[in-house]
Each structure stands twice: as C-alpha cells, then as structure tokens.
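Chemist: Below you will find the structure I want to go over with you.
The values are calculated or read from the model by the stated rules, or taken from the named source; none is laboratory data. Owing to the predicted nature of the structure, the values given are computational and were not obtained by experimental measurement. A quick note on method: Cβ atoms are made from the backbone with ideal geometry, for glycine too, and the neighbour counts reach across all protein chains shown.
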Amino acid sequence: MTRWGMVIDLERCTACQACVVACKVENNIPPAGPEDAAVGRSIAWIRLARMETQEHGGVSSAQLVPVPCMHCENPPCVKVCPANATRIGEEGLVAQVYPRCIGCRYCTTACPYTVRQFNWKDAAWPEPLDQALSPDVSVRPRGVVEKCSFCHHRLMLARDRARFEKRELQDGDYLPACVESCPANAMFFGDLDDPHSEVSRLAESPRAFRLMEELGTRPKVTYLSRGD
Amino acid sequence: MDGKRHSSFDRRTFLGLTAGVAAGVAAGVQAGGLLRRGVLAIDDTPRPKRGAESFVVSSCRQCSGGCGVRVRCIGGRPVKVDGNPLHPVSGGRLCPKGQAMLQSLFHPDRFAGPMRRVGPKGSLDSFQPVAWDEALDFVARRLLLLRQQGRPESLALLRGAIHGAGGRLLTRFMQSIGSPNDVSTPRGDDATAMALLLTQGVSAVPVYDLQSADYVLAFGGAQLETPASPVHMMRAYGRFRDSAAGRRGKLVLVGPRRSITGTVADEWIPIHPGSEAIFALGVASVLVAEELYDKEFVGRRGEQFEDSPDPENHHAEIGLRTLLRRDYTLDRVAAETGVSVHTILGVAREFAAARPGLAIGPRLGPLLPGRLFDHLAVHVLNALVGNIDAPGGVLVPEAVPLRPWPELPADPIADAGRKTPRLDGAGLGQRALMSSDAEGLAEAILAAEHSPVEAVLIADADPAFASLAPETFRAALERVPLVVSLASLPDDSSLYADWILPQSHPLECSDLSTSPPGVPFPLVSHAAAVLDRPMRDTRSLGDIVLQLVRRIGEPVAQAFPWADLPSLLEQEARGLHESRRGAVIGTPFDEAWVKMMEGAGWWAPGYRSEDELWTRIREAGGWWDPLYDHGQWSRVLRTPSGRFQFRPRELEQLDAQRGTRSDLLAIDGPTSSAPERALALTLFEPLPIAGGTGAELPFLQAVIDPSHEQGWRTWVEVHPQTALALQIEHGSLVRVASSQGSIRARVQVTERVLPGVAAIPVGLGKRAGGRWARGIGANPLRLLGAVRESLGGLPDPGATRVQLLLEEV
Ligand code: SF4
Ligand code: SF4
Ligand code: SF4
C-alpha cells in the first residue's frame, strides 16, 4: 500500500514562507485584504506556527514551524462530519469534498491542528488576477470548509505522466507545491510505506517527532527536531 | 517533474490525457455548484479555463537574487512559477517573492500605458494617457537639448539593482549622452564591498561560502532572510545543515535583535546596538593572544599585522597585533558590547577550532547599509583564520565573459560631460570609497539655488519610498524640471514624475542577465518572454533605451549598433563561446575531470557551434562555469603589495585627504550619550517586502511576519523592560518619533530585542503601490537623519534615536 507522508526538517527550515505562498498560488487561494486578516479570515493551507521554547539564560524563544494538514491516519475531522464531506481517501490522503460540505464547521473545531478554514465570502480576484487561476484545482464557493490536500491534483497528474511513460510512479514524481518550492530543502515527501523512500527513512530518524501525537491522531507529517 | 525526461515523448498525446483527468475532477464540483445554486441562489465561483500545458524557462526579477524559473502555462496563460531545476542559483526552488510573481504580472493597478503629468505633482490623478511616440519624442528632445546646451551631465539616473541587458544599456546610455551621474539606490552591499576593496583591493561584493563552512558567526541580522541572493543562500544553508551527509554546521547570531536568522540559529548573542565591530575585534584579540590565528596566511598573505617601521615617516607603524592587545582588552570589549568575557572567549575558541569558521558582517537587507567599521572588523576576523578565498570562506566572484561592446564613438560633448565631477560626490573626499551615493544626489539637488539636475530617469528604483532619505528625495524630485519614471506599477517616486514610460513585466520580455551578487561562479541566465504580448501598453527597459537613443540621433545612437534587443543578446552570448570555458546549465560534469582537462588546455564544450550554444542556452535557461579555483591570489589580493591589509593603508591616506582620524580601532559606536528615554532604532527588512518591493502583492503582505502576529500594518518591537519603563503595552498604538519626523506603529512586546532598542520593519507605508500597498503601514525610513558613519561615509541608519509616545485612542 502507498501512504503519502511529509517530513519537515526544522534544523533546515529558515521560516522563509516560500511554502506558504507556493501553496496559495497552486491552490487558487483568493487574495485577502487587511480587513480579512484582522479577523483571521485570510486563508492559508499551510502556515508557520510559533512554538515557544525556553532556552538557556532564561531567554524564551520562538521556533517557527510550518503546519500543513497532518493527513492523520485517525482523523478527528472525518469522524465529526455529518455530511461525509471529509474522508480519508486513497492512499491515506484526507480529502475535502466541497460539493458535499454544508459548512457546519464541526471539522474546523475538531481538528486539533487548526488547519481547516471556512470560506466566509465569495472568492474574488480583481481582473486580471483571475487569469493566473489554475484549472487543476476547483475554486471553492462561499460556505464550505477547505484545507491542505497534499496537492492531490498533482498526484493525478504524476500518475498520468507515469502511465504515459509506461512505468510505475517513482519516489519524487509527486511532490506538493510547498515541498517543490522550499529553498532550504527542509521538506520531503513520499510514500511512508516504501522502506526505500527518503521520507520513510527520515521518519525513522532519532530526531523525528509528530505534533500532538498523544491525541492518537497518527499524523502523516513528521518533524525532525533541532539539536546540536 | 524533470523537463528532460518529458522531451522524449509526444507532448500532444500526453496533454490529451491530462485534460481528460482534469475534466473528470472538475465535473464533481460543477454538480456541487448546481446544488448550491438551488440552495443559495448564488454561484459566481470562477471556473479557470483548461488548455494545453507548456513550460517556459525564464528568470525571476522580484529581487536581485537571480533565480532561474520555469513557468507553467495552461493554454498560454501562466498559472504557476517554480524554480528552474537546472538553474544553479534556484535549483528548482524559489523564495516567497518569486512564488508570488504572477500577482505582479497580473496586478490590476499596473499602468495601462505611457502617461504625462497634467496636474500638480504628488497625485496619480494628475496623469493623462499619451502615446509612446509622443512620450519618447518629448523625452528624447529634452535630452538632445541638454547635449546641445553642452551640459549632458545634468541628466541623472536613479537605478535599482538591474543585472539584465536593460541595466547594461542604461550604463551605456548615460555614458553616450555624457553624464557621470549614474546613481544606484540600494545600499545593502555597500559596506561589505568597501571592506573588500580596502583589505583586498578588489571592487566586488564578496561571496560567503556558507555551505562549506563548519561554524558561522553571523553579525547583525539577516544573513538568511535577506542576503544578496536569498534562494542561493538558503539552499546553501540546507547543505550546511545536511545531517544525512553527516554534516551539521553551527550558526551563531551576534546582534541587538533576534531576527529570523537568529531564531533559526543555534545561539543568539545579544549585544549593544552598534557594537558589532567591537565584538568582532574582541574575538580577534583572543585569537591573537591565544595564538589561535592562521600564522601561515597572516605571515605569507597579510600585511600590517606586526608592527613595522614606516620607511617614509621613520617612526614605527603599529600593527594589528599591538592594537588589539592595547585597545581590545576583554574587559573593555565586554563593557562596550554587554557580552560576558566568558562568552567572547568561548566564541573565539569555537571559531578558531572550526574547519572552517566563517564570519559574515552585518547584513541588514537590500536597502540598508551596514557600517564599514563593522564589515572591516568582521573581514579581518576571516583573514585571521585564513578563511580568504578558501572553501567555506570569503570568495571573490568571477566576471562573466559576455562579448564586450564596441568602443564608444568619438563624441566631444559626451567626453566633456563624463569628465565633470559626480553630483553625488561619490569617489571624492568623505565619499571617496563609494561608487555612488543616492542620498548625496538628493542633497545636491536641494542645496543649489537651481537644481543641478535638469532631467532624471528612475528605473527599478523608488527613492521617494525606498531610500535612506525618502522625504529628501520627494523634495528633490519636486525640484527637478524633468522626471521620467519607468515604473510598471505606480510607486511613490512616479507620483513626482512628469512622464511615465512604463516598463513591461519581466515575464513579458526576454533578457540575458549576469551573475547576481552573492554567487561566486560566472553565470548568465536567459529569460524568455512568457506572454506573446505585454498585458498592457508597455515596453521592455532595453527597448525603451534603444528607442530613446534612435530619437536622439548621432553620435549617441552610434553607441548602440544593434538592430534590436534580441540581436544584442545574441551578440553578447557569443562571448561565452569565445571564452572557451563553462557549459550550458544542467550539463552533468565531473569536476575533477574538467579541471584536469582545462588545466591541460583542453575544453570539451558539448556543443558544436555558437548558434547551437545560443539555442541550448535559451532552452536550458543559461550558461555557467561551475569551477571555482580557490587561492588565485593575484586575482583576489589586488592591493599594491598583493597582500591582505590588516590595517588598510588607504584609510590613512583618506584621513590625510579629508582631515579625519578614522583609526580602524576607534570605537565610534553609538553606545552612550542617548538622551533620556530614547531608544536605538533598529531597522530590518522582512524578506517578503525587502528592497522596498513586495507590499504591493496581497500574498506577500500576508506573510510579512512569519509568526502572523502582525500583518498589514507596521509594528515596533520593544523588550518587556522597555515597555514597562515607558508604560506601554503589547498592542498599544504609539507614535515613533525621531528628530526627523514620526510614524505610527503597534507595539509588540518581545524578548527578540534588547532593552533600549526599538525594532521596526521596512517596506510598508507607501503612498502609491496599488490597492494592496497604498496607505498600509508606515515607512520608518522617514525617521532617519542625515548622519553618516565616520569610516566609510555611508548613511548610518543605526545612529537614529527614537521616542515612543502613546497615541490617544
Ligand atoms: S490535521 Fe486536522 S484536518 Fe488534517 S486530517 Fe488531521 S484532523 Fe483532519
Ligand atoms: S519553504 Fe522551507 S524553509 Fe521556507 S518556511 Fe517553508 S519549510 Fe521552511
Ligand atoms: S530570491 Fe529573489 S530572484 Fe530568487 S525567487 Fe526570491 S525574489 Fe526571485
């Protein structure tokens, strides 16, 4: 079986946010303005979260951690959805089915990683910004919840390419937009079930940890901690 | 998604397949849409058009970093920009600015075409559209007139960092008209370039080879977030921390603010603002006292390390060793910097033990200069451990072998004009070490009764916003009789223009650019136009220059013997073939083998002719010569003695000239005499809006502060103790006032800064810049006074003191 997963090396991440912007462009996320931002309604499928740590000398410091959807193996968001609009789909990807979503936002509350976001208004792109929209990703209407899909459409494209070239999908054929962009090479993506993949090796590293593992969500995003 | 792999099969069939799948996906959504229409009676959700997929190889010009990109188009429409995987700077990666590039291409507020001012300066409402011919004719006539009057030097150019053909054409334009007043506005590399010039005699921006270093001592601020070439540096950082390969470099930040570089670093050593050089020399003093320095390098390649009798003055000249021992005692350094003796000793020992240790001078961002004193001291530290032109050390970039242009035609008017002294004073007196001084030009314009500048062209620069004296520039631009802006999107300086000749977006033009600062290898990047026609009625920078000179006529036009821009690019690229070195980017090569062959006088180009090379450069995106030869002493040590100057002689000569006393070791930091309650202003440039651009794009506005505490507004960071002393709270609105003016900002109480410091981001507070930038936040550059640091004469943003005054709410 294939189980897609991501590894983020915090030792390398420079908090540059190329991943954040790459995701917005790739996934047709509408531009938000200051008003939306002020009330926390500007959408981002991956964001940098601040994690406070206490360091030597008593100076507290924040570590900045990129947080996409964890594509949990045991996703609380799926359990609470009354409309079956979010489900754990092929190869472990937690998918959001927009046409089914009734906008009740149970899932946004249930997700312990707060990565789900609600479309409070109609998406708008002042002309000619709409010309850069990608046909690979549907634009979400008002009233539905959305979140990181691990760029699922890229999996379909990669599969097509592989099929066309009459070969199996290989490690590296399918990368989400954030991973492709990361200048510090801090993000890795691949099949966690393939013992030879880079991600499966890295996920076994002594530095590996997952966010809020204690909740039993079994995230498929692994972090590599910093340390000397 | 490797371009090479796909070229082997029939693209059309493949596209058919892709489109089928995409249609299947979208169908489900459509059904949802219908349902929704029934329930909510609203569905304006855009449905992006499908079409054939194609890729165009181009380059990013959102900053001067020089990343090669690959643009994915659907039906000819660009929908995504990523790094070109073959490109040696980007390696398939991009920074957030590069990722947001399409928002600048498709920005709704770009100029629709050329404009002429018909109302008062300062407002966009004052402009009226005109035809290109009318605009170009007018500007050309005025420039011709200046030449006819015998004062071509009254034309000035204010430019940003332009590494493409447009930049080279502008240089030639100024030369052929006959003006020395070609002025560059970004100052982020000034101090480090001056340090290299003084110590090594080389005019260049040094390169820091982070990826091969073992221990990096970063001073000041933004080595990772806003170095000269951000993606190149961040990729190097990834390799610096390559634990899979068994490497893990240690990064230490020394400075008054814990920047993002400091957050990522293993250690932050907070020091008093302005005491970076003292800390560096304190470390140097330990290296010398404990005999930890590289005696081989210092002895064979260095000069003025030991005391020596001065042959001319017949009295002893004190060397670095004595000076460090005399002036940089640990107690004194500890007192001046606020760092414990224990820490200084620890840093020095780690730095010396590393293989190699690299020190990087205070990098504040593309706009803000550091102080020469700091950069000199830090560079001396590198030399003490012999980390000059060595792997993991300070390298000197190699020149790019584009075919040189023909000589300038004989032209007495231009010759005389070029010989007039520069109006900005660069190269003379206090500014002897500078090659240009933008703020000096603005002052010169305001100082005389009539502006000595009759006409100014502004290209890829916005001095009325992004300079160290925005208000001075605003006043200066009000005074210059003819201001021509080449902005693509309205910027603050274009508000003061008489004519706007809007440039096309980089993705609308083809171009050939040379190595960006910050990379050691010679590189030429080719950018293809992604759109067949510009979105608006705009022209490329190169075309604008060529069309102007044609109108000005002989002999100026004679200096531009190319039919058009494409033929210029092709001519220049021929030099790469003639250089008999290097390769098309992406060519796999075996370093050892190629070096050996080249050493033996062989060169296997991998292409048969000049034409084939040109074709392949355009396909792949560029040419480079990846082999850096370390230790080419005659190239990297070009002082008269051919040695590294530990106490640059040139400084003493300068002192004699300008009557100053700028001992390398003089402690001139603003560590004392701050008035009651005044804070040291520390400016920083967040990557998304660094260099004064980026705030125009909503995706970048959204990520200015990576922790998302702040966005769409200007904030001021103060330490909890400072907040307590001033009785201000997190989130309060304050007026930040300096002797020059004041701005409004939200208080962020944080331990990221030291007590006594007020840190404010640069890049917001535009008067123009389109709907997402106009009126958002405030511009702290307006707070800066005209203070200059004593050693290099550079404007010194660090010398500004501010007060925070609570605003009534
Ligand atoms: S991270 Fe949140 S949204 Fe993603 S699968 Fe887990 S619970 Fe669901
Ligand atoms: S792109 Fe990479 S380095 Fe930048 S914030 Fe994201 S994970 Fe970190
Ligand atoms: S570093 Fe500069 S050139 Fe490279 S992607 Fe970012 S903005 Fe573009």
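Chemist: Confirm whether A:C16 is outside any loop (DSSP other than H, G, I, E, B) and in contact (Cβ under 8 Å) with a residue 12 or more places away in the chain.
Modeler: no
Chemist: Still on this structure, please answer the following. Restricting attention to helices (runs of 4 or more DSSP H) lying wholly within region B:210-291, give those where 3 or more residues are farther than 30 Å from B:G160 by Cβ and of a type in the set (A, V, I, L, M, F, W, C).
Modeler: B:276-289
Chemist: Condition first: among the aromatic types (F, W, Y) and either under 29 Å from B:D625 (Cβ atoms) or within 13 Å of another protein chain (Cβ to nearest Cβ) (or both). Can you find one or more residues in region B:108-123 that meet it?
Modeler: For region B:108-123, residues among the aromatic types (F, W, Y) and either under 29 Å from B:D625 (Cβ atoms) or within 13 Å of another protein chain (Cβ to nearest Cβ) (or both): absent.
Chemist: While we're on this one: Out of (1) over 30 Å from B:I269 (Cα atoms); (2) within 16 Å of ligand 1 (Cβ to nearest atom), what's the single condition that is false for A:P66?
Modeler: (1)
Chemist: Give the residue, chosen from A:E146, A:E168, A:E180, that is modelled with pLDDT under 95 and either within 17 Å of the chain's Cα centre (by Cα) or more than 10 Å from chain B (Cβ to nearest Cβ) (or both).
Modeler: None of the others qualify; the one that does is A:E168.
Chemist: May I pose another question? Any residue that is in the same structural domain as B:P362 (by TED's automatic domain parsing) and in contact (Cβ under 8 Å) with a residue 24 or more places away in the chain - is there at least one of those in region B:195-202?
Modeler: For region B:195-202, residues in the same structural domain as B:P362 (by TED's automatic domain parsing) and in contact (Cβ under 8 Å) with a residue 24 or more places away in the chain: absent.
Chemist: Same structure again: Sort out which residues of region A:171-194 are away from ligand 2 (no atom under 16 Å from the Cβ), in a loop (DSSP other than H, G, I, E, B) and touching a Lys or Arg at 6+ places or on another chain (Cβ under 8 Å), and write them in order of number.
Modeler: A:D173, A:Y174, A:L192, A:D193
Chemist: Further question: Of all residues being surrounded by fewer than 16 Cβ atoms within 10 Å (Cβ to Cβ) and modelled with pLDDT of 95 or more in region B:347-366, which is farthest from B:G220 (Cα to Cα)? Just the residue, please.
Modeler: B:A353
Chemist: Tally up the residues in region A:195-228 that are within 16 Å of ligand 1 (Cβ to nearest atom) and part of a loop (DSSP other than H, G, I, E, B), please.
Modeler: 8
Chemist: While we're here: Quick check on this structure: which one of B:A280, B:A289 is at pLDDT 95 or above, under 24 Å from B:I388 (Cβ atoms) and surrounded by 24 or more Cβ atoms within 10 Å (Cβ to Cβ)?
Modeler: When all the criteria are applied, what remains is B:A280.
Chemist: Continuing with the same structure: Would you kindly identify the helices (runs of 4 or more DSSP H) lying entirely within region B:534-625 that contain at least 3 residues that are β-branched (V, I, T) and in the same structural domain as B:A135 (by TED's automatic domain parsing)?
Modeler: So the answer is B:541-552.
Chemist: Also: Could you list, ordered by first residue, the pairs with Cβ atoms under 6 Å in which the first is in region A:91-117 and within 12 Å of ligand 1 (Cβ to nearest atom) and the second is among the polar types (S, T, N, Q), at least 6 apart or interchain?
Modeler: Pairs found: A:Q96/A:T86; A:C107/A:T86; A:R116/A:T108.
Chemist: Determine which member of the set B:A583, B:A529, B:A620 is under 24 Å from B:V89 (Cα atoms), surrounded by 18 or more Cβ atoms within 10 Å (Cβ to Cβ) and either over 26 Å from the mean Cα position of the chain (by Cα) or among the aromatic types (F, W, Y) (or both).
Modeler: That would be B:A583, the only listed residue that is under 24 Å from B:V89 (Cα atoms), surrounded by 18 or more Cβ atoms within 10 Å (Cβ to Cβ) and either over 26 Å from the mean Cα position of the chain (by Cα) or among the aromatic types (F, W, Y) (or both).
Chemist: Please return the ranges of helices (runs of 4 or more DSSP H) entirely within region B:302-379 where 3 or more residues are within 25 Å of B:F240 (Cβ to Cβ).
Modeler: B:341-353
Chemist: Sticking with this one: Failed condition for B:G249, given (1) under 28 Å from B:V757 (Cα atoms); (2) touching a strand residue (DSSP E or B) at 6+ places or on another chain (Cβ under 9 Å), with all others met?
Modeler: (1)
Chemist: Moving to a separate point now. Can you name every residue in region B:88-107 that is away from ligand 2 (no atom under 16 Å from the Cβ) and either under 22 Å from B:S504 (Cβ atoms) or facing another protein chain (nearest Cβ under 9 Å) (or both)?
Modeler: B:L102, B:Q103, B:S104, B:L105, B:F106, B:H107
Chemist: In contact (Cβ under 8 Å) with a residue 40 or more places away in the chain and more than 16 Å from ligand 2 (Cβ to nearest atom): which single residue out of A:V67, A:V137 fits that description?
Modeler: None of the others qualify; the one that does is A:V137.
Chemist: Against the definition (under 16 Å from B:P88 (Cβ atoms), surrounded by fewer than 19 Cβ atoms within 10 Å (Cβ to Cβ) and aliphatic (A, V, I, L, M)), how does B:L576 come out, yes or no?
Modeler: Answer is no for this residue.
Chemist: Next question, about the same structure. Take region B:259-303 and flag every residue that is within 13 Å of another protein chain (Cβ to nearest Cβ) and out of contact with any Asp or Glu (no Cβ under 8 Å at 6 or more places or on another chain).
Modeler: Matches in region B:259-303: B:G262, B:T263, B:V264, B:A265, B:E267, B:W268, B:I269, B:P270.
Chemist: Let me ask something else about it. Residues that are out of contact with any strand residue (DSSP E or B) (no Cβ under 8 Å at 6 or more places or on another chain) and more than 12 Å from ligand 3 (Cβ to nearest atom), at least 3 per element: which helices (runs of 4 or more DSSP H) completely within region B:57-151 meet that?
Modeler: Because the criterion is at least 3 residues that are out of contact with any strand residue (DSSP E or B) (no Cβ under 8 Å at 6 or more places or on another chain) and more than 12 Å from ligand 3 (Cβ to nearest atom), the helices (runs of 4 or more DSSP H) in region B:57-151 that meet it are B:132-148.
Chemist: Conditions first: (1) assigned to a strand (DSSP E or B); (2) in contact with a Phe, Trp or Tyr (Cβ under 7 Å, 6 or more places away or on another chain); (3) surrounded by fewer than 23 Cβ atoms within 10 Å (Cβ to Cβ); (4) of a type outside the set (K, R). A:V7 passes all but one, so which condition is the exception?
Modeler: A:V7 satisfies all of (1) assigned to a strand (DSSP E or B); (2) in contact with a Phe, Trp or Tyr (Cβ under 7 Å, 6 or more places away or on another chain); (3) surrounded by fewer than 23 Cβ atoms within 10 Å (Cβ to Cβ); (4) of a type outside the set (K, R) except (3).
Chemist: Would you check which residues across region A:118-134 are free of Cβ contacts under 8 Å to residues at least 40 places away in the same chain and polar (S, T, N, Q) and list them?
Modeler: A:Q131
Listed here are the residues, each with its yes/no results for (1) within 26 Å of B:R767 (Cβ to Cβ); (2) touching a Lys or Arg at 6+ places or on another chain (Cβ under 8 Å); (3) within 14 Å of another protein chain (Cβ to nearest Cβ).
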{"site": "B:L700", "(1), (2), (3)": "yes, yes, yes"}
{"site": "B:V703", "(1), (2), (3)": "yes, no, yes"}
{"site": "B:Q710", "(1), (2), (3)": "yes, yes, yes"}
{"site": "B:R713", "(1), (2), (3)": "yes, yes, yes"}
{"site": "B:H719", "(1), (2), (3)": "no, no, yes"}
{"site": "B:Q727", "(1), (2), (3)": "no, no, no"}
{"site": "B:G731", "(1), (2), (3)": "no, yes, yes"}
{"site": "B:V734", "(1), (2), (3)": "yes, yes, no"}
{"site": "B:A737", "(1), (2), (3)": "yes, no, no"}
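Chemist: Please give the number of the condition B:A695 fails out of (1) at the interface with chain A (Cβ under 7 Å from one of its Cβ atoms); (2) in contact (Cβ under 8 Å) with a residue 24 or more places away in the chain; (3) outside any helix (DSSP H, G or I).
Modeler: (1)
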